[in-house]
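Remarks on the structure that follows.
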Amino acid sequence: MRLFVSILLLTGVFSLLSACANIKYVDDHKAGTDFSHLKTYRWRSVDIDIGGTNKQFLQQLADEQLRAQGFTPADSNADMLIDMQVFSRISRGGNTSIGIGIGLPVGRHGNVGLGTGQTLGQGKQEGVIVIDITQSSNNTLVWRGNAEGIPLIHFSLKAEQKLRESFTRLLQLFPPSNETN
């Protein structure tokens, strides 16, 4: 009975650890760019490659965050053009793993050992959001932000708030804090 309970416990621990999201937010920008004059934006392209994901909904999430940061959508003569790509890929993984072993006594002189190991974060599908901001006056890419490692379940209607958080955290990186570097 103890062995059965131990196996159930191990299975639960591994399931919990492998379900944990480790979303990574990264941005890069063109050195020397003055972001202070970028106030208005226009969408140039939105490419979604995750089945069942609503393109307009993702664009709306980005719009909400950009407006909250003081940017204004414009139909023409926008200061910046925005391109968004959303796709899935197999996670890159890493050297993260966990192992556990249990030994149980059997009778007076025997024992049974059970050990297992689990590599975390390798070989799973993950969602990626890439947002490019181009200065429209000279058609120069000035900022790129990536959100990587997003669980695909976040792209479902049930997980709207989690996806909203991903867009918020990603777009809060724009404009960069040291704007003239």
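Observations, loosely collected:
- Options Gln118, Gln135, Gln125; residue that is surrounded by 10 or more Cβ atoms within 10 Å (Cβ to Cβ) and at pLDDT 95 or above: Gln135
- The set of residues from segment 149-173 being over 20 Å from Ser91 (Cβ atoms) and either surrounded by fewer than 13 Cβ atoms within 10 Å (Cβ to Cβ) or aliphatic (A, V, I, L, M) (or both) comprises Leu157, Lys158, Gln161, Leu171, Leu173.
- Applying the criterion of being small (Gly, Ala, Ser) and open to solvent by less than 70 Å² (accessible area, probe 1.4 Å) to the residues of segment 61-80, the residue that is nearest to Phe155 (Cα to Cα) is Ala62.
- Only residues that are surrounded by fewer than 15 Cβ atoms within 10 Å (Cβ to Cβ) and touching a residue at least 60 places away in the same chain (Cβ under 8 Å) were counted across segment 31-41, and they come to 4.
- Within segment 146-169, residues that are assigned to a helix (DSSP H, G or I) reach partners that are open to solvent by 30 Å² or more (accessible area, probe 1.4 Å) and among the aromatic types (Phe, Trp, Tyr) with beta carbons closer than 6 Å, at six or more positions or on different chains, in the pairs Arg169/Tyr25.
The values are calculated or read from the model by the stated rules, or taken from the named source; none is laboratory data. Here the structure is a predicted model, which is why all the values come from computation and not from measurement. Cβ sites come from the backbone with ideal geometry, for glycine too, and all protein chains shown count toward neighbours. For the accessible areas, the whole protein counts, side chains as well, though only heavy atoms, and no ligand, DNA or RNA atoms are used. Shrake-Rupley method; radii C 1.70, N 1.55, O 1.52, S 1.80 Å.
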